[in-house]
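K.L.:
Before we start, here is the structure in question, set down as structure tokens.
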Amino acid sequence: AILKVMDRKEYAETLDLVLSTFGATLTDASISDDAIRAYALILPGESTLAEAVTVVDPPAIRNARKFVKKAIAKKFKTELTAAYEKLTACVEADTVFKVDGESTGRRRLRNVYIGYLCALDETAEEQIEAAKIATAQFEAASGMTDKLAAFNCLVSMSGEGSSARDAAIQKFYDDANGDPLVIDKWFACLASADLPDLLDRVVKLTNHPDFTLKVPNRCRAVILSFTASAAFHDDNGKGYEFLGDMLEKIDKVNSRVSARTTASSFLSWKRYNEKRASMMKAQLERLKAMPTISNDLLEIVMKGLK
């Protein structure tokens, strides 16, 4: 259904089948394992969908996936809300954080539900409701999994959800209290948010006091999270230019990181349409022309230009 929506083909019949299957899975009493139900209700990711097409169009893939996700959320809003609230009551009833299979599966399923509920964001009322649900889970979370699930919903909110988004961003950072692993997650979530001004936000992140090119994990948290987003492939090519700029700087500090980042972000340029492919290739040519390019990066660049 997602691929048919993306290709602008007749998708109504296929979407009906998806909705029917989703509804049956959502309410099937014979499924006793929450983890299995969660797995069955998750839509394929954008990277998985990209592997199923000949010419990759990341923005189109994201938009089509969002369309189908919203269709599901609209159709089953009542059922999803009831199921989410039931699981929330169970989670809150646990006075001690548990990591057994049943508890883990319950949290996983609840996080699938909140993802669908927060996909409903077209009206001001829906934006307020989504922000309320995500904020409640974010603030009540006793573990990082639940907190991150809610945070990932919040960082992509706009309109009436903007204030909740900004408050969560500050709170997550403050709660991290300087823990490098948690700060890495904070950077990664912000760098992959589904917002129209994501590139501007990522540029600001690279100027954040806690960002440094000298720490590979911190560098990857921002740069690779952004390059994995649809915004990186905006038709204006500014995402590619930004990465080219960053690679020049990274290569002077850690050539292995610059080489690996280039490999994961630019080497597949032939899989994109002519416009995107030419812009990505241009960045490889630009890197090749660097007078001080490292041997690690040069090897990857030359491989990409073959």
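The values are calculated or read from the model by the stated rules, or taken from the named source; none is laboratory data. The structure presented is a predicted model; accordingly, all values stated were derived computationally and were not measured. In this analysis, Cβ positions are derived from the backbone assuming ideal geometry, glycine residues included, and neighbour counts consider all displayed protein chains. Side chains are part of the model used for accessible areas, which takes the heavy atoms of the whole protein and leaves out ligands, DNA and RNA. Shrake-Rupley method; radii C 1.70, N 1.55, O 1.52, S 1.80 Å.
K.L.:
Note down all Cβ pairs under 8 Å where the first residue falls in the range 70-87 and is of a type in the set (D, E, K, R), the second is open to solvent by 40 Å² or more (accessible area, probe 1.4 Å), and they're at least six residues apart or on different chains.
P.N.:
The qualifying pairs are LYS70/GLU122; GLU79/THR27.
K.L.:
Being crowded, with 20+ Cβ neighbours inside 10 Å and at pLDDT 95 or above: is that true of LEU154 here?
P.N.:
Yes; evaluated as a whole, the condition is true for this residue.
K.L.:
Another question, then. Kindly provide the set of residues from the range 1-42 that are open to solvent by 90 Å² or more (accessible area, probe 1.4 Å) and aromatic (Phe, Trp, Tyr), ordered by number.
P.N.:
TYR39
K.L.:
From the list ALA167, ALA136, ALA149, which residue is modelled with pLDDT of 95 or more, part of a helix (DSSP H, G or I) and within 22 Å of PHE226 (Cβ to Cβ)?
P.N.:
The unique qualifying residue is ALA149.
K.L.:
Identify, please: which residue in the range 254-281 is assigned to a loop (DSSP other than H, G, I, E, B) and of a type in the set (A, V, I, L, M, F, W, C) and is, among those, surrounded by the fewest Cβ atoms within 10 Å (Cβ to Cβ)?
P.N.:
Filtering the range 254-281 for residues that are assigned to a loop (DSSP other than H, G, I, E, B) and of a type in the set (A, V, I, L, M, F, W, C), the one surrounded by the fewest Cβ atoms within 10 Å (Cβ to Cβ) comes out as LEU267.
K.L.:
Okay, next question. Scan ALA141, ALA193 and give me the residue that is at pLDDT below 95, surrounded by 15 or more Cβ atoms within 10 Å (Cβ to Cβ) and under 29 Å from THR81 (Cα atoms).
P.N.:
ALA141
K.L.:
Same structure, new question: Quick check: is even one residue across the range 96-103 surrounded by 13 or more Cβ atoms within 10 Å (Cβ to Cβ), in a loop (DSSP other than H, G, I, E, B) and at pLDDT 95 or above?
P.N.:
For the range 96-103, residues surrounded by 13 or more Cβ atoms within 10 Å (Cβ to Cβ), in a loop (DSSP other than H, G, I, E, B) and at pLDDT 95 or above: absent.
K.L.:
Quick one: count up the residues across the range 223-250 that are of a type in the set (A, V, I, L, M), open to solvent by less than 40 Å² (accessible area, probe 1.4 Å) and within 19 Å of the chain's Cα centre (by Cα).
P.N.:
Number satisfying all stated conditions: 4.
K.L.:
Given the structure, is ARG220 within 25 Å of the chain's Cα centre (by Cα), in contact (Cβ under 8 Å) with a residue 40 or more places away in the chain and open to solvent by 50 Å² or more (accessible area, probe 1.4 Å)?
P.N.:
Yes, satisfied.
K.L.:
Return the pair list, or none, for Cβ contacts closer than 6 Å from residues in the range 278-306 that are without any contact (Cβ under 8 Å) to a residue 12 or more places away in the chain and on the phi < 0 side of the Ramachandran plot to residues that are assigned to a helix (DSSP H, G or I) and open to solvent by 80 Å² or more (accessible area, probe 1.4 Å), at least 6 apart or on different chains.
P.N.:
Once the first residue is without any contact (Cβ under 8 Å) to a residue 12 or more places away in the chain and on the phi < 0 side of the Ramachandran plot and sits in the range 278-306, no partner that is assigned to a helix (DSSP H, G or I) and open to solvent by 80 Å² or more (accessible area, probe 1.4 Å) comes close enough.
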